[in-house]
Amino acid sequence: MKDSLLLGLGFLAQGLFSARFLIQLVKSEKGGEVLSPVIFWQLSLIASLFLMTYGAFRHDLVIVGGQLIGYFVYIRNLQLQGEWRKIPKVIQLLFYGLPILFVFYFAFFRPSEFFLTLNNPDIDFFLLTWGSIGQLIFTSRFLVQWYFSEKHEKSYFPLSFWYISMLGAILIIIYAIIRKDAVLFIGQAFGMIVYLRNVMIHFGFQNKRNLNFLEKVKTYRMGLFLGVTAFFLFFNLNSWSVTESSEARYAQISKEMLQNGDWMHPQLMGIYHYHKPPMTYWITALSYKIFGVNPFAARFFLQIAILIQLFLIYRIGILLWKDKSKSFKAALLYASFPVVIIGGRALTTDAYLATFILAALFFWFRYLQKKENWDLILMYLFLGLGFLTKGPVVLIVPVVLWVHQKIFYSPKIKFNLPSLLGLSLFLIIGISWFAMLWVEDARFLDYFVFKHTIERFATNTFSRSQPFWFYIVILLLLAFPWFIIMLAKTKSVFQKKQVIFSRFWVWVFIPLLFFSLSQSKLVLYILPLFGGLAFGAVQVWEGLSDRTQKIWENAQTVFQILIVIALFISPLFVDELHLSAKVYFLGVILLSLLLGLFLSGIKTSDKAFLSAWIFTMMLTAMSAYLFSNNPGMVNDTRRVVDWIEEHSPASDQIVIFDKRLPSIPFKTERSVISIYAGDESLNRETQFQENDDWKKSLINLKDQPEWIQKGDNQKGIWIAKLNKKMPELPVNLDWRTLQEVDGWKILQIVEVKP
């Protein structure tokens, strides 16, 4: 059997095993006691058959032997529940006979593989013994379950079942780690959570009231939610390097800031870079100080920022609604928006900006309720930090909400001493860096106000122009169906009874109009809108009928399944895309979890939010493998640098031809020279340079064609895109391609023998 098909079969089996325990746990949570649902045994039977096949073709007696015993226990439980007799006789005989025929076939027609299964040389005696003991203990739990079920004359999970499960799982996890078997490891790690929770339910650690699922787990839901989300955010965060162009640019500026000790004048590859205020660089340089200069450090505080955003969404919801359940749903939904997660996958200013905006809004809403002056001052403090992160854009959402507050709640404008102190704090923090540079050079006023504010909005100066409807499409795709749900209620904004919804509506749609009118558009620019979208969608959702909620829930599930299937088949249409077995495995687990939720019986009003969150978290984990296995497609040059470091002397300089690649100096300490031959990314702003030293690392080959004719300049390793035509050389020299890596060619200038 092909390895890919075999792994797919194993992944499918573990996916079904995961789904069965998810369903069992949810139904137990809902019922307030440990239950044994019929579908648990139905999924177990099918998954066991798949896993036996997987184990046999892997020649793994531990897997095959364990599943053979459990297989017939599953059938017996269906008999005790009266469900087995509902299955047609032909299918019953098929299920009885398949394992027997399977073993018979391998023993008599494929004896070499059969004996290899009994004595696999890849598994030494100690490991086989360890795995066999673990599997024996793990399998015995169903024998114990069978014994107690026969004793009680019904399908039943005794307490000992869960204790034995935990012990066996620990042993098999160790076995899987040594065998490097991802199928076994992930399946057992997920199971440990279920086993522990069932023990807690057995001893009465559940809510006895007849409440929905999220209410039942409310005592620990926020901590569990943040903890699991943190796991997915940090999962394999260092498995791919900084990507071109934005992330590599921010990462390299922060690196140079740390190295040269100049915290006020950001530099990129030796040239001043004042496109953004320095807050993001400061945070990233601090992370480098703690963790060293690496991709994980570049992204570390981004994940912390996202977790803080989730907590702030929850706390703002409590302030506005006085309802912890709705607030938790808003946090779940906010975490499920892919744009929020994208903000942490690559280093940019947007995640930090969104954090400071949410913090400012939290203290603003708390001030409106408690009238504590410190809340007002803290609001201005965070607005100042936001201004120091990305400039005036920090004010768009707060100003919209202030105007709404004045119109609908308190028309009289009040300005007191705390307001004056807060405004002063905002100006001191937010404007200080801009003012310092303006004092140094008066040209900065025109640079910041016109070039990076007015021109960015009104013209296509930075080549980021998109059509007016660009963000609407983004919201339809990345916030389905929640944007539609909120958009459909637009008419109610103008009804007085919907004042609280109107606050969320203006939070989303007024800034959306502003960003849509702008000539400079990137996906993450609208990140500050998603807080309002989370609140507004929950507000509308709570007022929908059960039937309407079910329709939208089914639409979301179909959309999610289509996305996963599209990802699975994408390599058929994109030749250069590589999906590892781990991506497919996680995708199958995701589909299993979606199936488990669909069959779990959780109330629809909860299920839709849980499904959205699980979907995005699993895609986040899959993205780590997707990025690491496709560096060429995500503009990751790590394999280019790794090849150079391995195959050339450390003294060789690197020359990058007609491309700005800050990811190269980020990955290496070698001398790096950039050659300009027409690529616009190398048109750097050099008007603020104090001298001409920068010309040593950025060569304009159009103005200096003779540069490449000089012998000293022909040394080292050159990098260029595969389709890039290299410049002409003297007659005695030529280009030698040393290697092609991820869409780049690595070259050297060599002498041509006559």
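The values are calculated or read from the model by the stated rules, or taken from the named source; none is laboratory data. A quick note: this is a predicted structure, and the numbers were derived from the prediction, not measured. Here Cβ is always computed from backbone atoms with ideal geometry, including for glycine, and neighbour counts include all displayed protein chains. Ligands, DNA and RNA are stripped out before the accessible areas are found, and what is left, the full protein with its side chains, is counted by its heavy atoms. Shrake-Rupley method; radii C 1.70, N 1.55, O 1.52, S 1.80 Å.
Worth a mention:
- Any hit, segment 528-547, residues being in a helix (DSSP H, G or I), basic (Lys, Arg) and either open to solvent by 10 Å² or more (accessible area, probe 1.4 Å) or under 19 Å from Val340 (Cα atoms) (or both): yes
Yes/no per residue for (1) in contact (Cβ under 8 Å) with a residue 24 or more places away in the chain; (2) over 33 Å from the mean Cα position of the chain (by Cα):
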position: Leu661; (1), (2): yes, no
position: Ile664; (1), (2): yes, no
position: Glu669; (1), (2): no, no
position: Ala677; (1), (2): yes, yes
position: Ser681; (1), (2): yes, no
position: Arg684; (1), (2): yes, no
position: Gln687; (1), (2): yes, yes
position: Glu690; (1), (2): no, yes
position: Leu701; (1), (2): yes, yes
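- Only one of the listed residues (Ala581, Ala555) is modelled with pLDDT of 85 or more and surrounded by fewer than 19 Cβ atoms within 10 Å (Cβ to Cβ). That residue is Ala555.
- Qualifying positions in segment 419-440 - closer than 16 Å to Pro278 by Cβ and open to solvent by less than 70 Å² (accessible area, probe 1.4 Å): Ile429, Gly430, Ile431, Ser432, Trp433, Phe434, Ala435, Met436, Leu437
- Of all residues making up segment 558-578, the number that are polar (S, T, N, Q) and either open to solvent by 30 Å² or more (accessible area, probe 1.4 Å) or touching a helix residue (DSSP H, G or I) at 6+ places or on another chain (Cβ under 9 Å) (or both): 1
- Among the residues of segment 308-329, those that are surrounded by 20 or more Cβ atoms within 10 Å (Cβ to Cβ) and closer than 27 Å to Thr280 by Cα comprise Gln309, Leu310, Leu312, Ile313, Tyr314, Ile316.
- Checked against (1) farther than 27 Å from Ala621 by Cβ; (2) out of contact with any Ser or Thr (no Cβ under 7 Å at 6 or more places or on another chain), Trp321 meets all criteria but (2).
- Test for Pro631: is it open to solvent by 10 Å² or more (accessible area, probe 1.4 Å), outside any helix (DSSP H, G or I) and more than 16 Å from Leu567 (Cβ to Cβ): no
- Candidates Ser681, Ser623, Ser671, Ser611: the one that is farther than 22 Å from Glu247 by Cα and at pLDDT below 95 is Ser611.
- Exclusive hit being open to solvent by 60 Å² or more (accessible area, probe 1.4 Å) and closer than 26 Å to Asn294 by Cα, set Glu740, Glu680: Glu740
- Residue check, Leu368 among the hydrophobic types (A, V, I, L, M, F, W, C) and at pLDDT 95 or above: no
To keep it simple, each residue is scored yes or no on (1) out of contact with any Leu (no Cβ under 7 Å at 6 or more places or on another chain); (2) crowded, with 21+ Cβ neighbours inside 10 Å; (3) modelled with pLDDT under 70.
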residue	(1), (2), (3)
Ala47	no, yes, no
Asp60	yes, yes, yes
Leu80	yes, no, no
Lys86	yes, no, no
Ile91	yes, no, no
Leu98	no, no, no
Asn119	yes, no, yes
Gly131	yes, yes, yes
